[in-house]
Structure formats: C-alpha cells, structure tokens
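See below for the structure under consideration.
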Amino acid sequence: MKNSFLQVSINENNPKWEQCNKRSNTLYQRDNGIRSNFERDYTRILHSLAYRRLKHKTQVFYAPQNDHICTRMEHVSHVASVSTTIAKFLGLNVDLTQTIALGHDIGHAPFGHTGEEILNSLIQNQQTEGINQPKKFWHERNSLFFADFIETLQDPNGIEKNLNLTYAVRDGLICHCGEIDQQGLTPRNEPIDLYTIKRPGIIAPYTWEGCVVKISDKIAFLGRDMEDARSYHILDMASYRQLREIVAGTLGFGPEKENITHTNSGVHRSGRAVNTTVLINDMIVDLCQNSSPEKGLSFSEPYFKFIKELKQFSFANIYNNWRLLEFKNYATQILGCIYRTLMKLQEYAKNRRIEQALKYAPNLLKTFTDWLVKYSNYDVERKKTFRYDTLECFDVFNLESYEKCVIEYISGMTDQYAISVFHEIISF
C-alpha cells in the first residue's frame, strides 16, 4: 500500500531519529538549514575519490572497451533508482535511502566480486604471528572503513578531514549485503558498534531505509547482469530454454497460457520481453504490493521463488561461466603480483626507503608513498607538511597493520590502474 511505512520512516517523530543523525565529530558546520544531515552525507560521498573511481571498476564483466557494459558506478545508480522508487512509494525517508545507495560500494575492490575474493584469499594465506582470529576482506565493511578513515574532504580552513557520516548512513553501508535470500526483512531495534559485525549479511540494518537498499541491491544486479551476459554471448540456447522454464514454472506464464519465445534481447511472454527493465519493474511492484511494517519487506511467494531460482540460474550460467573463470585467473595474477611486491617492502617502509626500492615503478611508487604518508607513520615529518587532520590508520612497523595498509591501498584501485602498475612491475 502507498505510504504504508510512513509511521516507521526515519523522521523527527521516530524514536531512532537522534541516533540516526549522530556523528562522531564535525567536518564542518554550514550556517544554513537548506539540507538535511542525510543530504549532506549524500554530497560528501558524491565528492569522495572512492565514489569517482567506481566508474572504472568492474561490476561483473571486465569491459574497458565497451561503454555499454555495466560498471560498478552504473550498478550503484541502478540501486539508487530502485531503492528510491520503493522508498518513495512506501513513505520512507528518500534522502537517507538515496545516500546509503550512493555509498554502498565505495569500498569495493577492483575487478568486482572476483577482486574481493582474491584479496580475501591473499590475506588468509598470509600467516601473521600472534593473530588468533581469521582475517577477512569483505566490501561492505570496507565501504564503512573507507567512509570512516580513508576518504577526506577539506574543511573551510583547507584541512582534510574524514567524511564523518551519520550513524544511519554508516549502518546502511556495512549492512547492505544483498546476497542473502530473505523474506520479511525488518530492521533491528538497537544501535550497535558497527565494527563488531564480523561477516556480511548476518545483521539487519538499523533502519527500514537500509533494508530497502539491501533488497534493491539484489533486484538491481539480477536484472542488469542478465543483459550484459546476453551482450557477451554468455547465454546459449539451452540457457534460454532453462530461463524460459523458470519464468513459466514460477510466475505461471506457461506455454498453455501465453506464447513464450526467446531471442538475443531476452525471453518474451506474449510479446512482453523479460529483460532488465521488465524484471526490475516487476520485482519492485511485487515488493511494494506485498510489504508492510507488520510482516516486513516481502515478495509474493511466486516472486520470491522466482528470485531464488533466477539467482541460482545466474550463478550456474553466468558467474561460473568458463570465460569469467579465465578472467578470474587474469585478475588473480595482477592483484597477487601487486600484493606480493608491496608486502616485500615492509623493511624499506620501516626505514623510509620505499623510494629506493620502487624506482622501477614510478606510478606505483608515487601513489603508494603518498598513501603511506597520509595514512601511516611512514614519514611523520613529511606528514606535517600536508594539511591533514589526524589520519594514522596503519603502523608500518607491525606486519598485520602493514598488510592491512597494502590491502586497503589495492582495494581502492581501479581496474585500469591495477593493470598499469602490474605492467610496471613485470616490465624491463
């Protein structure tokens, strides 16, 4: 029902309002009330370097020469579009929803989920003495980390400070995982220390708006990835037949009821294509019609079954396609080489001699040295010459901290930059 969530929207009458608007400190204070706190967070994310780099990061298909294949930034735009439509219809806070959607992937690695898996495997293979808990890289937590500690903006005095986002937005970043199949999604009641969350998908967002983004993430990628798979000729005729059977079997559009055909542009039922726009529209409408504050964000049973089967279909026929597995081998070589190269430099970092060790890779040398100066204790005297607020996330004298420094640096790279420094390393 339209506006059925109006009473639970994050607004001044909601008991969660004060907590949702909390910030840890002050980036700067404007002398006007034109924008809400969430609108301010939106522009802080929009102006961040991590957001800008999303346009050159892979969503699923690595395609630097094809302008029409979905990038990570386009995916973020799809999630923002889907979640805004849902929030507006249900009566939720649109500003908060849009802001969470805009920032949800700022911590994503290069090369999409493949890059995330690679970074995760690299840190698990690195044995660090005295570390009891297993280390893990997951982009939801990394989005929070980038927002809290890496991304900076200049205050009115020209001093760079961290974004200092509101609690509700920060919560939405780390709790946005759309990989979990879940009916009746509802927000949790209590605020928590967000860094106590140990893995993605296990903690519900604090707000209904965060829950909407979580579901919208799934709606967006299921529809768009199918379109790109067709463009890359990933799906063969047998796959189309299987997709047709899923549509017929779960949504009731069988051959005895409607005429179903398949073409390179999608599966068609009675002339209506089951493509990106149709899939996304139908899932949004079904969710809005079947959700309520009492039973949570829910799809109808036929659509929930359809989404699960469509996801299984995508993993079997798209994400595990042999061409994407070859891409994973390619990306593994690139990121692994960069990681191993930088991990060998800890002793040089301790003695402030990175410049001596990386002469053969000038681009990598410049950006990694700048990263060390800004975010670590690599060169305290040089840090004083820059106008940074206290930004010292990493200790180059500690192996675990230095490794995290390397992983975070790599995670911020675009695909193209990772490839370029890889070639610097291996070229003679």
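So if I take the alpha carbon set of segment 290-352, get Rg, then get Rh from the Kirkwood formula, what is the Rg over Rh ratio?
On the way: Rg = 22.3 Å, Rh = 16.1 Å.
Radius of gyration relative to Kirkwood radius: 1.39.
For the chain, a Gaussian network of Cα nodes joined below 10 Å ranks Arg40, Arg170, Arg224 by mean-square fluctuation, and the top entry is Arg40.
With Rg and the Kirkwood Rh both taken from Cα atoms, where does Rg over Rh land for segment 161-246? Present the calculation step by step, with values, prior to reporting the outcome.
On the way: Rg = 17.2 Å, Rh = 15.2 Å.
Expressed as Rg/Rh, it is 1.14.
I'd like the orientation of helix 362-375 relative to the chain: the angle between its Cα long axis and the longest Cα principal axis, in ° from 0 to 90, rounded to 10. That helix lies at roughly 90 degrees to the long axis. For segment 288-408, the fraction of 1.4 Å probe accessible surface lying on carbon and sulfur atoms is 50 percent. At a probe radius of 1.4 angstrom, the accessible area of segment 373-428 per residue rounds to 46 square angstrom. In this structure the amide hydrogen of Leu185, modeled in the peptide plane, comes within under 5 Å of the amide hydrogens of Leu297, none closer than 5 places in sequence on its chain. In the distance distribution for segment 267-384, Cα-Cα pairs more than 18 Å apart total 71 percent.
Protein heavy-atom surface of segment 151-223, 1.4 angstrom probe: 48% of the accessible area is carbon and sulfur, with nucleic acids and ligands not counted.
Solvent-accessible area per residue for segment 37-99 at a 1.4 Å probe radius, Å²? Intermediate values should be presented prior to the final figure.
Working: 2500 Å² over 63 residues.
It amounts to 40 Å² per residue over segment 37-99.
What number, rounded to the nearest 500 deg cm²/dmol, is the helix-based mean residue ellipticity at 222 nm of the chain, given -39500 (n - 2.57) per DSSP H run of at least four residues and division by all its residues? Rounded to the nearest 500, the figure is -15500 deg cm²/dmol. Dividing the convex hull volume of the alpha carbon atoms of segment 52-155 by its residue count gives 149 Å³ per residue.
Would you work out the charge dipole size for the chain about its Cα centre, treating the Cβ of every Lys and Arg as +1 and the Cβ of every Asp and Glu as -1, and quote it to the nearest 20 debye? Could you put the intermediate results ahead of the total?
Values: 50 positive and 50 negative charges, 72 e Å.
Dipole magnitude for the chain comes out near 340 debye.
Debye-formula intensities of segment 1-52, expressed as log10 I(q)/I(0) at q = 0.19, 0.20, 0.23 Å⁻¹, are -0.85, -0.90, -1.03 (one equal scatterer per alpha-carbon, no solvent).
Can you figure out the FRET efficiency of Ser77 with Gln416, using R₀ = 25 Å and their beta-carbon distance, to the nearest 0.05?
Computed FRET efficiency for Ser77 and Gln416 comes out at 0.80.
Computed about its Cα centre, the charge dipole of segment 292-428 is approximately 180 debye, with only Lys, Arg, Asp and Glu carrying charge at their Cβ. Going 7 Å from the Cα of Arg353 toward and past its Cβ, which residues in segment 359-388 have a backbone nitrogen under 16 Å from where you end up? Hits in segment 359-388 for Arg353 at 16 Å: 359-360, 379.
Of the chymotrypsin sites (Phe, Trp or Tyr not before Pro) found in segment 38-125, no site is in coil according to DSSP while having at most 16 other Cβ atoms within 10 Å of its Cβ.
Given 0.36 nm per residue, what is the gain on full extension from Ser292 to Glu190 after removing their alpha carbon distance, in nm?
Numbers: separation 102, 0.36 × 102 = 36.72 nm, distance 2.04 nm.
The span from Ser292 to Glu190 would gain 34.7 nm if fully extended.
Nearest 10 degrees, 0 to 90: what angle lies between the long axis of helix 72-90 and the longest principal axis of the chain (Cα atoms)? In the chain, helix 72-90 runs at an angle near 50 degrees to the longest axis. Using a Gaussian network model on the chain with a 10 Å cutoff between Cα atoms, which of Gly158, Gly112, Gly336 fluctuates the most? It is Gly158. Towards the positive end of the charge dipole of segment 3-117, with charges on Cβ (+1 Lys, Arg; -1 Asp, Glu), say which of Ile10, Phe89, Ser24 has the farthest Cα. Of the listed residues, the answer is Ser24. When the trypsin sites (Lys or Arg not before Pro) in segment 320-428 are filtered for DSSP coil states and for at most 10 other beta-carbon atoms within 10 Å of their beta-carbon, the remaining sites are Lys344, Lys359, Lys384. Amide H contacts of Gln59 (H built 1.01 Å from N, in plane; Pro and chain starts excluded): Arg72 sit under 5 Å, all sequence-distant by 5 or more or on other chains. For the chain, the longest principal axis of the C-alpha atoms and the axis of helix 94-103 are separated by about 60°. The GluC sites (Glu not before Pro) of segment 281-331 that DSSP puts in a loop, and whose beta carbon has at most 16 other beta carbons within 10 Å, are Glu294.
Each of Gly33, Tyr348, Ser231 was placed along the dipole of the chain (beta-carbon charges, centred on the mean Cα), and the one lying farthest toward the positive end is Tyr348. Computed on the Cα atoms alone, the convex hull of segment 182-222 gives a volume of 79 cubic angstrom per residue.
Here are several values of Rg/Rh (Cα atoms, Kirkwood Rh): [x] 0.96; [y] 0.99; [z] 1.13. Which one was derived from the coordinates shown? After the calculation, the listed value that fits is [y]. Farthest towards the positive end of the charge dipole of the chain, among the residues Ile410, Ala80, Ile197, is the Cα of Ile410, using unit charges on the Cβ of Lys, Arg, Asp and Glu.
The values are calculated or read from the model by the stated rules, or taken from the named source; none is laboratory data. Bear in mind that the values here come from a model prediction, so they are computed numbers and not experimental data. As a convention, Cβ positions derive from the backbone with ideal geometry for all residues, glycine included, and neighbour counts pool all protein chains shown. Keep in mind that these areas ignore ligands, DNA and RNA; they rest on the heavy atoms of the full protein, side chains included. Shrake-Rupley method; radii C 1.70, N 1.55, O 1.52, S 1.80 Å.
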